[in-house]
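Since every read-out is calculated from the coordinates, none of them should be taken as a lab result. These numbers were taken from a predicted model, which means no experiment stands behind them. Methodologically, a virtual Cβ is constructed for each residue, glycine included, from the backbone with ideal geometry; neighbour enumeration extends over all protein chains shown.
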Amino acid sequence: MVVKAIGRLLGIAAGTVAYALDPESLRAWHRTHNQKPYRKKQIAEINRWLQTTANYREYCKPPKAKAWMKRWRDRQGKRSRYRANAKRQFHRRRAREASAFIGDRLADAFTGWIKGKKLACHWCGEKTTNIQVDYLTALARGGKHAFKNLRTACYVCNPAKGARMSSAEFARYRRARGLVVARDDSAKRQFLMNPASYIA
Ligand SMILES: [Zn+2]
């Protein structure tokens, strides 16, 4: 706790502070955490997480997820906190879009073009018809509705990234969990190769 606070104050990593204060304690920490049982535990944790993702993927299949969401929404009262939040989020999103849309015709065309097509996700590389537009720099982080800021993302990766992480952070997050970072831009290439899709 204290070490973290000092680190934040000086703008350096907690590990560096810990090492400066007591090199031996940090060495001890590395000794225990690099041992086989600990690594085994970590691997088990990653596998459990992957299993959860697999379940989540199954769970998110459109018809099922839609039915589930509808049931959940119907259970919420008209004046519930959920409704109030949804309304606030809707208006926030609109405000963001208003400031982010810069009249990029290519971006507009691409957003429409991907709907219902079986395209590859930029992050996991899987092809799905439930493909969404992902802002590399999220609108909430000041990203623009520009073609170069757009990627395709599947219904699992897009909400997983959201505005929580920058694209570099999300790549690191995936690598740390043993997930591929496909950087598959075949959808964009396919779009650009077909002028009829964007010249109106
Ligand atoms: Zn994906």
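Taking region 99-122 as the range and being within 30 Å of Leu50 (Cβ to Cβ) and either within 16 Å of the ligand (Cβ to nearest atom) or surrounded by 20 or more Cβ atoms within 10 Å (Cβ to Cβ) (or both) as the test, the residues that pass are Ile114, Lys117, Lys118, Leu119, Ala120, Cys121, His122. When the test is whether a residue is touching a residue at least 40 places away in the same chain (Cβ under 8 Å) and either assigned to a helix (DSSP H, G or I) or surrounded by 11 or more Cβ atoms within 10 Å (Cβ to Cβ) (or both), Arg48 does not pass it.
Just one of the listed residues (Ala140, Ala84) is touching a residue at least 40 places away in the same chain (Cβ under 8 Å) and not in a loop (DSSP other than H, G, I, E, B), and it is Ala140. Taking the conditions (1) more than 10 Å from the ligand (Cβ to nearest atom); (2) surrounded by fewer than 16 Cβ atoms within 10 Å (Cβ to Cβ) in turn, Gly125 satisfies each one other than (1). Within region 134-166, being within 13 Å of the ligand (Cβ to nearest atom) and crowded, with 16+ Cβ neighbours inside 10 Å holds for Asp134, Arg151, Thr152, Ala153, Cys154, Tyr155, Val156, Cys157, Asn158, Ala160, Lys161.
Do we have Arg96 as without any contact (Cβ under 8 Å) to a residue 40 or more places away in the chain, away from the ligand (no atom under 16 Å from the Cβ) and more than 19 Å from Arg174 (Cα to Cα) here? Walk me through it before giving the result.
On the way: without any contact (Cβ under 8 Å) to a residue 40 or more places away in the chain: no; away from the ligand (no atom under 16 Å from the Cβ): yes; more than 19 Å from Arg174 (Cα to Cα): yes.
So Arg96 does not fit the description; no.
Condition check ((1) over 15 Å from Lys188 (Cβ atoms); (2) of a type in the set (D, E, K, R); (3) within 9 Å of the chain's Cα centre (by Cα)) across all residues:
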{"position": "Gln132", "(1), (2), (3)": "no, no, no"}
{"position": "Tyr135", "(1), (2), (3)": "no, no, no"}
{"position": "Leu139", "(1), (2), (3)": "yes, no, no"}
{"position": "Gly142", "(1), (2), (3)": "yes, no, no"}
{"position": "Arg151", "(1), (2), (3)": "no, yes, no"}
{"position": "Ala160", "(1), (2), (3)": "yes, no, yes"}
{"position": "Met165", "(1), (2), (3)": "yes, no, yes"}
{"position": "Ala168", "(1), (2), (3)": "yes, no, no"}
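What's the total number of residues in region 179-200 that are farther than 18 Å from Thr137 by Cα and within 15 Å of the ligand (Cβ to nearest atom)? Don't jump to the end; show me each part of the working.
If we filter region 179-200 for residues that are farther than 18 Å from Thr137 by Cα, which is where we start, we get 179-180, 186-187, 189-200.
Narrowing further to those that are within 15 Å of the ligand (Cβ to nearest atom): 179-180, 186-187.
The number of residues fulfilling the criteria is 4.
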